[in-house]
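The values are calculated or read from the model by the stated rules, or taken from the named source; none is laboratory data. If you're wondering where the values come from, they're calculated on a predicted model, not measured in any experiment. Positions of Cβ are backbone-derived with ideal geometry, glycine not excepted, and every protein chain shown enters the neighbour counts. Just so you know, the surface numbers come from the protein's heavy atoms only, side chains and all, with ligands and any DNA or RNA stripped out. Shrake-Rupley method; radii C 1.70, N 1.55, O 1.52, S 1.80 Å.
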Amino acid sequence: MTKHDYDAMLIERHGQRVFETLSRAYVGIAGLGGLGSNIAMMLARSGVGHLLLVDFDKVEPSNLNRQHYIVSHLGLQKTEALKSLILQANPFIHLDTIDTYITEDNASDIFSGCDLVCEAFDKAENKAMLINTLLLQNPQLTVLSGSGMAGYGSSNTIRTEKVMSRLYLCGDKTSGIESGISLMAPRVQICAAHEANMALRLLLGIEEV
Amino acid sequence: MKVNGEALRLEHPVSLREFLDTHGYSTGRVAVERNGEIVPSGSYPTVMLSDADTLEIVHFVGGG
């Protein structure tokens, strides 16, 4: 398969305008766990041209219940494992990876070139840190975040809301791991799909949720 | 004042930090927009709220 074949497949399905707009887009993914690995796969399959994948961690057995990784990835950096998976679904995407722990000191620089950033961390404090840092220091950026997706409660409580002028929040806002509920693949992937779909909508110029 | 879309009467001036504490928010897990502007978390103790303010408070929960 050539790049021309792949692009023709996307154009046939999405139309020329959507294809071209998504091809030019650059989306940052902060954290490559259950949310981030799934968001990245969905955006890559949708034809987003350029992704920035950032995580410090390695793939471990406890990731397999909800993250996109497979047994042969155990021990690899998540950036490398996810890159290999994405390239099998979309061999022509432009991927940048950074193996680092994102902090309030480096977040602004890491994501400064992106059109959008998808927050995909595990801990509530890290989510708050990233959102605060990017909204304060990167005034051109719109950010999507996931909050509340643990357990196997109703799928229909997971929603997308525009909660601030440049922040979209996906999730049920209450089902956190702090309450002892564990994360399971379906609701994590539903939440990831909310982030990915809202990212596509924003890239295509639609701000309503 | 208006907090997350709901009207709320502010009886006396309080700092944002005090408001968050008394309403059950954990300051390390929130992002706050006041009158359309994000408030740096380091300013929570010094930002004084007025009854004319509009706040959007996002309280994050873990998991991802």
For this session: Could you identify the single residue in A:Ser179, A:Ser147 that is open to solvent by less than 10 Å² (accessible area, probe 1.4 Å) and either within 17 Å of A:Gly36 (Cα to Cα) or modelled with pLDDT under 95 (or both)?
Result: A:Ser147
Seminar exercise, completed: Reported set for the stretch A:116-130 where residues are open to solvent by less than 10 Å² (accessible area, probe 1.4 Å) and either assigned to a loop (DSSP other than H, G, I, E, B) or of a type in the set (Phe, Trp, Tyr) (or both) is A:Ala120
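Out of all the residues in the stretch A:99-115, is one or more out of contact with any Cys (no Cβ under 7 Å at 6 or more places or on another chain), of a type outside the set (Lys, Arg), within 11 Å of chain B (Cβ to nearest Cβ) and within 14 Å of A:Val27 (Cα to Cα)?
Within the stretch A:99-115 (the criterion being out of contact with any Cys (no Cβ under 7 Å at 6 or more places or on another chain), of a type outside the set (Lys, Arg), within 11 Å of chain B (Cβ to nearest Cβ) and within 14 Å of A:Val27 (Cα to Cα)), the answer is no, since none of the residues qualifies.
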Problem set entry | Subset of the stretch B:20-64 that is of a type in the set (D, E, K, R) and surrounded by fewer than 19 Cβ atoms within 10 Å (Cβ to Cβ) - its residue that is nearest to the other protein chains (Cβ to nearest Cβ) | B:Glu37
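Condition first: away from chain B (no Cβ under 14 Å), part of a helix (DSSP H, G or I), in contact with a helix residue (DSSP H, G or I) (Cβ under 9 Å, 6 or more places away or on another chain) and buried (at least 20 other Cβ atoms within 10 Å of the Cβ). Can you find one or more residues in the stretch A:84-97 that meet it? Give the steps one after another, and end with the answer.
Taking the stretch A:84-97 and keeping what is away from chain B (no Cβ under 14 Å), we get A:84-97.
With the extra rule that they be part of a helix (DSSP H, G or I), the set shrinks to A:84-89.
So of that shortlist, the ones also in contact with a helix residue (DSSP H, G or I) (Cβ under 9 Å, 6 or more places away or on another chain) come out as A:84-87, A:89.
Next cut, buried (at least 20 other Cβ atoms within 10 Å of the Cβ) only: A:86.
Yes, some residue in the stretch A:84-97 is away from chain B (no Cβ under 14 Å), part of a helix (DSSP H, G or I), in contact with a helix residue (DSSP H, G or I) (Cβ under 9 Å, 6 or more places away or on another chain) and buried (at least 20 other Cβ atoms within 10 Å of the Cβ).
On the basis of being within 12 Å of another protein chain (Cβ to nearest Cβ), part of a loop (DSSP other than H, G, I, E, B) and of a type in the set (A, V, I, L, M), does A:Ile181 make the cut?
Numbers: within 12 Å of another protein chain (Cβ to nearest Cβ): yes; part of a loop (DSSP other than H, G, I, E, B): yes; of a type in the set (A, V, I, L, M): yes.
The answer is yes for A:Ile181.
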Seminar exercise, completed: Exactly one of A:Thr133, A:Thr103 is assigned to a loop (DSSP other than H, G, I, E, B), touching a helix residue (DSSP H, G or I) at 6+ places or on another chain (Cβ under 8 Å) and free of Cβ contacts under 8 Å to residues at least 40 places away in the same chain, and that one is A:Thr103
Exercise. Is at least one residue of the stretch A:143-166 more than 7 Å from chain B (Cβ to nearest Cβ), under 18 Å from the mean Cα position of the chain (by Cα), without any contact (Cβ under 8 Å) to a residue 12 or more places away in the chain and farther than 24 Å from B:Thr27 by Cα?
Worked result: no
